[in-house]
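Colleague: Questions regarding the structure given below will be posed in turn.
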Amino acid sequence: MQERELRDLIADVKTGRLSRRSFVQQMIAVGLTAPMAGMMLAQSGVAMAQTAIPYKPTKAGGGGLLKILYWQAVTLLNPHFAVGTKDQDGSRVFYEPLAGWDQEGNLVPVLAAEIPSKENNGLTEDGLSVVWKLKKGVKWHDGMPFTADDVVFNWEYARNPETAAVSIASYKDAKVEKVDDFTVRVTFSKPTPFWADAFVGTYGMIIPKHLFADYIGGKSRDAPANLKPVGTGPYVFVDFKPGDIVRGKLNPNYHMPNRPYFDNIEIKGGGDAVSAARAVLQTGEYDYAWNMQVEDEILTKLEGAGKGKVNIVETGNIEFIMLNSTDPAAEVDGERASVKTKHPLFSDPAVRQAINLLIDRASIEKFIYGRTASATANFLNAPEKVRSKNTKFEFNIEKANAILEAAGWKKGGDGIRAKDGKPLRFVYQTSINAPRQKTQAIIKQACQKAGIDVELKSVVASVFFSSDAANPDTYTHFYCDAQMYNTTMTQPDPGFFMNQYLSWRAANKENKWQGRNVSRWQNKEYDEIYKQAEQELDAVKRAAMFIKLNDLVVTDNYIQPLLRRPKVSAVAGNLAVPLSGWDNDLWQIANWYRET
Amino acid sequence: MGKYILRRLIIALPSLLGISLILFVLLALAPGDPFGELATNSNVPPEVREALRVKFGIDDPIFIRYLRWLAAMLQGDWGFSFASRIDVDQLILQRVPTTLFVVGSSQILALAVALPVGVYAAMRPYSIFDQIANTFAFIGFSLPTFFTGLLLILIFSINLGWLPFVYRVDIPATGWAWAFEYFKQAIMPISVLGLFQAASYTRYVRSAVLDVIRLDYVTTARSKGLNEGKVVIKHVVRNALIPVVTLVALQMPAVFGGAIVTEQIFRIPGIGSLLISAILANDTPVIMAVTFVFACLVVVFNLLADIIYGWLDPRISYR
Amino acid sequence: MAVASIGILTLLTAAVLFGPLIWRIPINEIDFTARLAHPSWDHPFGTDDLGQDLLARMLYGGRISLAVGFAAMAVAIIVGVLIGAISGISRGSVDAALMWITDLFLALPQLPLLLLVIYLFRDFLKNWVGPEGGVFILIVLVIGAFRWMPVARLVRAQFLSLREKEFVEAARALGATTPRLVIRHILPNSLGPVIVAGTIDVAAAIIAESTLSFLGLGFPPDIPTWGRLLFDAKDYLDIAPHWALFAGAAIFLTVLTINFIGDGLRDALDPRRVM
């Protein structure tokens, strides 16, 4: 998709010919995020929609106990240390950001009085600063007033490398100052088209200055409030047992009227996803269960009990297979899979193309993931086709056979193709997770029919996804021919996401395999366009460049997308839960209520 | 005897030190690192990860880290959890009562089932009772706890709706209502663990009693006209207890260490689930603390078993 | 009973060895039209959620399960008896050292150790004896290494008690050497718990193998061992009970027969047999 097409689409949204929602969906389909789409619209003069989150109760309280089940337990409650979504969600019960992202990429104000825009003088033409107006009359749970000092403090706290906050990336390149008690200005060192990162969403939750001021930097771990949060959120802290349970009770002074609905809240953790689904859908013991990584077959069966339903929201997560462009068997300068080598099999485009044809995406979707994933071949088809059922992926064993035959890979006596004495045999690894192992089995069988022998390997997730420089089984070492995992795009700005294919980011021994380019795929054109995109101020032009980048990656067949993975949760039948794929599950916990 | 115990206790200290060194080295060498989750998160720059590694001293040589750990441990500092960013002893103490209750009760249940059934089965080998007891025992240890636990959940929670399957430490009730709820949620995990254990205990007890029951002195006692019950209790069981004591001593540390699989299935916040989540998150200080306490218990209980042998069979001499 | 059990066990072994020659459906033949099919003439044991034939998978996986079960049991028993016997007959420092090793192994956290073992030895063994053989040796050794300690403690306890018994004293007075004492008199009398431990260990090893493959240490994920089938089937217990049924029954049958053979063996070996 070119810049001009993007502009046409935006014009359509402006005139109302295209709905905001379908524009956002098309942007997601080409590999961008909903927040980025929202930013493009805002910059082009389409105002953010005022999201009305439905809420019926007419008074606070009276809802009893809300029971939430996470199959990974919350381990800490300081949002600046919260790495996993479980910890971010736990913190979100007590702490709030200035604004959150809704499903359509709109910013929804929480502690902000309004969303900055050019009209309210929140944004400047040069893209160098944002002014946030804060909501007045907000009180911390201990009665202290919430002011601009707290917001400025969070910036100081998080940007200090000694604090070791995981939110550092959102704050370290900005400067935050207090304008008055209820106004702060965020100034960027260079024009920043994506201004809504600091104080927004997951990494934007605000902690109180009066309790954390003495614990900045190296002392951050000693703060008593790390375990006993005092926030502005709808629920007040009651009790926390790390790795087990978080409990809260209604905040009588909450800053939104008639909220929250529930008198008490608890988040119980542990166990496995299937039994969590059972507890919500089958027995009704719990009201909400997070992240249902369960075969759809089981979910559908459990829904039959009539106690609850499965809730699915779109995200930018993609499950994909990566073919190694380097040779994992050869050792060069003390490392395998060195960028100085070429993969003996995959360097032949015919092999890559054949493998692409041998992935039965439709069946993987239909029989393993069901509603919990949608097959995708290509982030990059023309928008109107993207969401249709006949996307351009193809599963065709004969065609794969023909391509291999034509490229000179001939079947040997054992039925395995070979060329120049090199048999078509490769190792395909992934982390241990039942649907992934089934996907492996399906692909292996199709490859077998095309004369390709696949050896399956699975690595326990805690090792596969670790950053251990000494362990060859991590996904970043990629000492293997092919691997599969899920790349998440929770960061609102795709800039972070797209740097994973830059030549100079290749994971290698020198950078202790911390480089984000795991596939070691290298492409000059890609590098050039990325450099341009970094400089680009115009959100639409920048988006067009990102789309072009995606295009380059995918059409080369080293990276083979399989499925888009939405956020799946189990919800009790009578519970109203506003969810968003671009923010935490509990981002609107204040607006949860039970239908009566 | 007293001298023997004293000597064993003195040996126990260096042997524990040795075990702790081996445990520490093993954990340090094991693959995975505590900040792995940061690595997959593109929002976190590598510098933060490096800062954390330096802060927690992970890149120092193993031996220095061991000495540091040992020095801290001797002063009662158990370490600091990477994942929860709090002190390890706090984490462990929160979970000890639950584990003691669940695993402890299951051990008592196991013995309460296995001793009478095993003894009675051995007194009438190959009788109907013996055959039935054996068959149940075989089923018991053929099926893993992940399977039986799920089976019980399906039957009692889902089909019948009698019992809850999510274990909660904070039941919002008091008095008898609290006790009843607590009991209800504990039935399934205790039965799963207890019966699995009982299955193998039964076999051992049966075998031990069979070994003793044919010995000469038992026959003598019987021929003297002592009644059967007395013979069994006084002469047979006491001598047959040696293997049972060995097994129980082997199982006792687990009362602290928890039962990983069962705790996971029923979401019991015990030491076992703490350990497994620490392992999956590579939270080394927690793993080290739990395994070290476990090691201490192993040494202590095996020593205790050795002492009890002497009491059960006074002819056993220690030199 | 023991004879019948030997018959059944032989039958089971023959089935897994020669069954795949007769029942020729490939184990990984995916058939989406027959997913979770109940047992029928086409699929006597039904199919799993990818429509793979469970009978074929059971027969294939059974070879590995049975082999792992017996080999790991043998390792655990041999190591356990050796250490227990040496420790029980000798006194002082040898006993203390061996019991220290036993305590150490009991205290080792299994999961991190397993991950370490995979990391250190998998590639080495794979290059040395090929992927399947290497994994087999590794699994047998690992399961054996974690299960010998109870046997050692049990044997030692038996030895401590038996070596002071009259018949041993008598034999010693008659001038029997220590090895003779051990082999002819003490060991046969302490086999009771060993036989029980051996039978329990077969079941435990078959199940442990599935746990290992879940950690990535076991066989590749597409090899359907019995323990693995049971594990995969557990979430479908109320949807497709047949999936778990046959694997569970196979493990049970194996354990049952081995136990009866063990009982028979024990009665046959019993030096005080008064039948």
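Colleague: Which one of A:Gly231, A:Gly243 is in contact with a Pro (Cβ under 8 Å, 6 or more places away or on another chain), modelled with pLDDT under 90 and surrounded by 21 or more Cβ atoms within 10 Å (Cβ to Cβ)?
Modeller: On the way: A:Gly231 fails: modelled with pLDDT under 90.
Going through A:Gly231, A:Gly243 in turn, just one is in contact with a Pro (Cβ under 8 Å, 6 or more places away or on another chain), modelled with pLDDT under 90 and surrounded by 21 or more Cβ atoms within 10 Å (Cβ to Cβ): A:Gly243.
Colleague: Further question on the same structure: How many residues does segment A:451-484 hold that are more than 8 Å from chain B (Cβ to nearest Cβ), in contact with a His (Cβ under 8 Å, 6 or more places away or on another chain) and more than 30 Å from A:Ala407 (Cα to Cα)?
Modeller: The qualifying residues number 0.
Colleague: Quick check on my filter: what residues within segment B:81-94 are on the phi < 0 side of the Ramachandran plot and facing another protein chain (nearest Cβ under 7 Å)?
Modeller: If the condition is that a residue be on the phi < 0 side of the Ramachandran plot and facing another protein chain (nearest Cβ under 7 Å), then B:Ala83, B:Ser84, B:Ile86, B:Leu91, B:Gln94 are the ones that fit.
Colleague: Could you check segment A:557-595 and list, in sequence order, the residues that are over 22 Å from A:Pro252 (Cα atoms) and either polar (S, T, N, Q) or over 20 Å from the mean Cα position of the chain (by Cα) (or both)?
Modeller: Across segment A:557-595, the qualifying residues are A:Asn557, A:Tyr558, A:Gln560, A:Ser569, A:Val571, A:Ala572, A:Gly573, A:Asn574, A:Ser580, A:Asn584.
Colleague: Oh, and also: Test B:Trp178 against the stated conditions and say whether it is modelled with pLDDT of 85 or more, surrounded by fewer than 19 Cβ atoms within 10 Å (Cβ to Cβ) and assigned to a loop (DSSP other than H, G, I, E, B).
Modeller: So B:Trp178 does not fit the description; no.
Colleague: What number of residues within segment A:14-37 are modelled with pLDDT of 80 or more, within 14 Å of A:Ala539 (Cβ to Cβ) and not hydrophobic (A, V, I, L, M, F, W, C)?
Modeller: The number of residues fulfilling the criteria is 1.
Colleague: Now for a different question. For segment A:323-341, name all the residues that are of a type in the set (A, V, I, L, M) and at pLDDT 90 or above.
Modeller: A:Leu323
Colleague: In segment A:210-252, what residues are more than 13 Å from chain B (Cβ to nearest Cβ) and part of a helix (DSSP H, G or I)?
Modeller: Correct list: A:His210, A:Leu211, A:Phe212, A:Ala213, A:Asp214.
Colleague: I'd like the full set of residues that are farther than 23 Å from A:Pro193 by Cα and open to solvent by less than 50 Å² (accessible area, probe 1.4 Å), limited to segment A:515-540.
Modeller: Correct list: A:Gly515, A:Asn517, A:Val518, A:Ser519, A:Arg520, A:Trp521, A:Asn523.
Colleague: Only one of A:Val310, A:Val280 is modelled with pLDDT of 90 or more and in a helix (DSSP H, G or I); which?
Modeller: A:Val280
Colleague: For segment C:109-119, name all the residues that are in contact (Cβ under 8 Å) with a residue 24 or more places away in the chain and either open to solvent by less than 20 Å² (accessible area, probe 1.4 Å) or facing chain B (nearest Cβ under 7 Å) (or both).
Modeller: C:Leu111, C:Leu114, C:Leu115, C:Ile118
Colleague: All but one of (1) of a type in the set (A, V, I, L, M); (2) within 14 Å of another protein chain (Cβ to nearest Cβ); (3) crowded, with 20+ Cβ neighbours inside 10 Å hold for B:Ile62; state the number of the condition that does not hold.
Modeller: Only one criterion is unmet by B:Ile62, namely (3).
Colleague: I would also like to ask the following. Among the residues of segment A:161-217, write down those that are among the acidic types (Asp, Glu) and either closer than 25 Å to A:His141 by Cα or under 26 Å from the mean Cα position of the chain (by Cα) (or both).
Modeller: A:Asp173, A:Glu177, A:Asp180, A:Asp181, A:Asp197, A:Asp214, listed by residue number.
Colleague: For B:Phe292, work out the one condition from (1) more than 7 Å from every other protein chain (Cβ to nearest Cβ); (2) open to solvent by 10 Å² or more (accessible area, probe 1.4 Å); (3) over 21 Å from C:Phe146 (Cα atoms) it doesn't fulfil.
Modeller: With respect to (1) more than 7 Å from every other protein chain (Cβ to nearest Cβ); (2) open to solvent by 10 Å² or more (accessible area, probe 1.4 Å); (3) over 21 Å from C:Phe146 (Cα atoms), B:Phe292 is out only on (3).
Colleague: Continuing with this model, one more query. For segment C:163-195, how many residues are open to solvent by less than 10 Å² (accessible area, probe 1.4 Å) and within 18 Å of the chain's Cα centre (by Cα)?
Modeller: Of the residues in that region, 2 qualify.
Colleague: Next question. Working only within segment A:153-178, note down all residues that are open to solvent by 40 Å² or more (accessible area, probe 1.4 Å) and in a strand (DSSP E or B). Talk me through it step by step, then tell me what you get.
Modeller: The first filter runs over segment A:153-178 and keeps only residues open to solvent by 40 Å² or more (accessible area, probe 1.4 Å), leaving A:156, A:159-162, A:172-173, A:175, A:177-178.
Listed by number, the residues that qualify are A:Lys175, A:Glu177, A:Lys178.
Colleague: In segment B:127-157, how many residues are at the interface with chain C (Cβ under 8 Å from one of its Cβ atoms) and farther than 30 Å from B:Phe256 by Cβ?
Modeller: 3
Colleague: Determine which member of the set A:Asp360, A:Asp327 is in contact (Cβ under 8 Å) with a residue 40 or more places away in the chain and either out of contact with any helix residue (DSSP H, G or I) (no Cβ under 8 Å at 6 or more places or on another chain) or surrounded by 21 or more Cβ atoms within 10 Å (Cβ to Cβ) (or both).
Modeller: So the residue among A:Asp360, A:Asp327 that is in contact (Cβ under 8 Å) with a residue 40 or more places away in the chain and either out of contact with any helix residue (DSSP H, G or I) (no Cβ under 8 Å at 6 or more places or on another chain) or surrounded by 21 or more Cβ atoms within 10 Å (Cβ to Cβ) (or both) is A:Asp360.
The values are calculated or read from the model by the stated rules, or taken from the named source; none is laboratory data. Just so you know, these numbers come straight off a predicted model, no measurement behind them. No Cβ is skipped: glycine too gets one built from the backbone with ideal geometry, and neighbour counts run over all protein chains shown. The area values use the complete protein model at the heavy-atom level, side chains included, leaving out ligands, DNA and RNA. Shrake-Rupley method; radii C 1.70, N 1.55, O 1.52, S 1.80 Å.
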